[in-house]
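The values are calculated or read from the model by the stated rules, or taken from the named source; none is laboratory data. Just so it is clear, the structure is predicted and the values come from calculations on it, not from any experiment. For neighbour counting, all protein chains shown are included, and Cβ atoms are generated from backbone atoms with ideal geometry for every residue, glycine included. Just the protein is used for accessible areas: all its heavy atoms, side chains included, with ligands, DNA and RNA removed. Shrake-Rupley method; radii C 1.70, N 1.55, O 1.52, S 1.80 Å.
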Amino acid sequence: MNSIEIKAPAKINLSLDVLRKRPDGYHDIRMLMQTVELHDNVRIEPCGNGVEVICSNPDVPSGTRNIAYKAAYLLKEFYSINSGVLIKIDKRIPVAAGLAGGSTDAAAVLKGMNILFSIGLKDDELASIGKSVGADVPYCLRGGTMLAEGIGEILTPVSSLPRIELVLVKPRLSVSTQWVYSSLNLEKIRLRPETDKLIKAFEDNNLEYIAENMVNVLETVTAQKYEVIIEIRKRLMEEGALGSMMSGSGPTVFGIFRDRQSSEKACKSILDERWDTYQTYTVTNLL
Ligand code: ATP
């Protein structure tokens, strides 16, 4: 095989709860994750001896500071792969947006190199390497609808709903995940998601319940600082969304729509120079 191209999809959170701060500085979280169709394309070619990463988006570091570099480097060193790799990322997922854009590229590199060099790693072995690259990487390797616990690496599949139509709105500002977690005051959180009830709603195929009861506790930090997040949530609801919430540490806000026609209409009506809009939908199996 000369090269391989892998689709690296984004995720949204349908709920996000932070349980406690751990002694190691990380937080124990409980969140529902969902893969969406919006994706980067990651191409991997054997090339030279080292690892080289080129990204189409100038806001993303190429080279050693790209998270895809770390994934490739770890795999190459650990499994003594003789060949180097050239990784080309066609970036379509907005950056620092709460959509796991970096983690999904890293997951694509692990998967792609495993195939390209016939390393033969099983899913749990890939997940354990993934965890050392980033907390969301094990989820990105599996995708679909999952409950993620621990720091995000303990995964339990949740029954998936058929395709959900979405509008993603990304304000033109970047939010650092690290800043959001370090600014979070757990004692100030008044509203938490009822995650078990949401899981039951997935089993019952009850989209309305999910849309109306989604909670992301990180909104207490990000939406408090950036009012535009609240404004977008309101606008999406006015455009007929069944529910709307910030994804991850933000600032992307998504709206859930009953059908493609209403999401298309909302996506057009909500256009504004302060944000970028994306019409997409959920996928239950990796692309
Ligand atoms: P999460 O939802 O996991 O918190 P995010 O979507 O908020 O992630 P990313 O898009 O992964 O954030 O970007 C976070 C930072 O990582 C950015 O500042 C970016 O420069 C850097 N980065 C490194 N490699 C990548 C990559 N391959 N894709 C995107 N960002 C990358």
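Numerical summary
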read-out: Rounded to the nearest 10 Å², the accessible area of residue 176 at probe 1.4 Å; value: 60
read-out: Surface share of carbon and sulfur [accessible, 1.4 angstrom probe, percent] for the chain; value: 47
read-out: Radius of gyration, Dmax [the range 160-222; alpha carbons; angstrom]; value: 14.6, 37
read-out: Charge dipole (debye, nearest 20) of the chain; +1 at Cβ of Lys and Arg, -1 at Cβ of Asp and Glu; value: 320
read-out: Stokes-Einstein translational diffusion, the chain - Kirkwood Rh over all Cα pairs, 0.692 mPa s, 37 °C, in µm²/s; value: 170
read-out: Estimated dipole of the range 4-157 in Debye, rounded to 20 [Cβ of Lys and Arg +1, of Asp and Glu -1, Cα centre]; value: 120
read-out: Heavy atoms of residue 6: accessible area, 1.4 Å probe, square angstrom to 10; value: 30
read-out: Options 262, 201, 73, ranked by Cα towards positive dipole end of the chain, top entry (Cβ charges); value: 73
read-out: Of every Cα-Cα pair in the range 165-281, the percent that sits beyond 22 Å; value: 35
read-out: Distance between modelled label sites at residue 79 and residue 185, nm, 7 Å Cα→Cβ extension; value: 4.8
read-out: Globularity index of the range 40-79, i.e. its alpha-carbon radius of gyration over 2.2 N^0.38 Å; value: 1.16
read-out: Candidate lysines - alpha carbon under 22 Å from residue 21, same-chain residues fewer than 8 apart omitted; value: 131, 188, 225
read-out: Candidates per GluC sites (Glu not before Pro) in the range 118-216, loop by DSSP, up to 14 other Cβ within 10 Å; value: 194
read-out: Among 89-100, 268-279, the order from most to least packed when residues are scored by Cβ within 10 Å on average; value: 89-100, 268-279
read-out: Size of charge dipole - the range 114-245 - debye, nearest 20, with Cβ of Lys, Arg +1 and Asp, Glu -1, no other charges; value: 400
read-out: With eigenvalues of the C-alpha gyration tensor scaled by 5 and rooted, the range 1-104, Å; value: 28, 18, 12
read-out: Measure of compaction for the range 13-170 (Cα Rg per 2.2 N^0.38 Å); value: 1.06
read-out: Cross-link reach list, aspartates and glutamates versus residue 234, counting only Cα pairs under 20 Å and skipping chain neighbours closer than eight places; value: 165, 208, 212, 219, 259, 264, 272, 273, 276
read-out: Theoretical ellipticity at 222 nm over the chain - DSSP helices of four or more residues, -39500 (n - 2.57) apiece, nearest 500; value: -9500 deg cm²/dmol
read-out: Gained length - residue 264 relative to residue 154, 0.36 nm times residue gap less alpha-carbon distance; value: 36.1 nm
read-out: Filter on 11/91; 91/170; 11/111; 88/170; 11/170 - keep pairs with C-alpha separation over 20 Å; value: 88/170
read-out: Solvent-accessible area per residue, Å², over the range 86-183 with all protein chains present [probe radius 1.4 Å]; value: 37
read-out: Exposure of residue 220 as accessible area (Å², to 10), given a probe of 1.4 Å and all protein chains; value: 70
read-out: Cβ-derived FRET efficiency at R0 41 Å, residue 20 paired with residue 41, nearest 0.05; value: 0.60
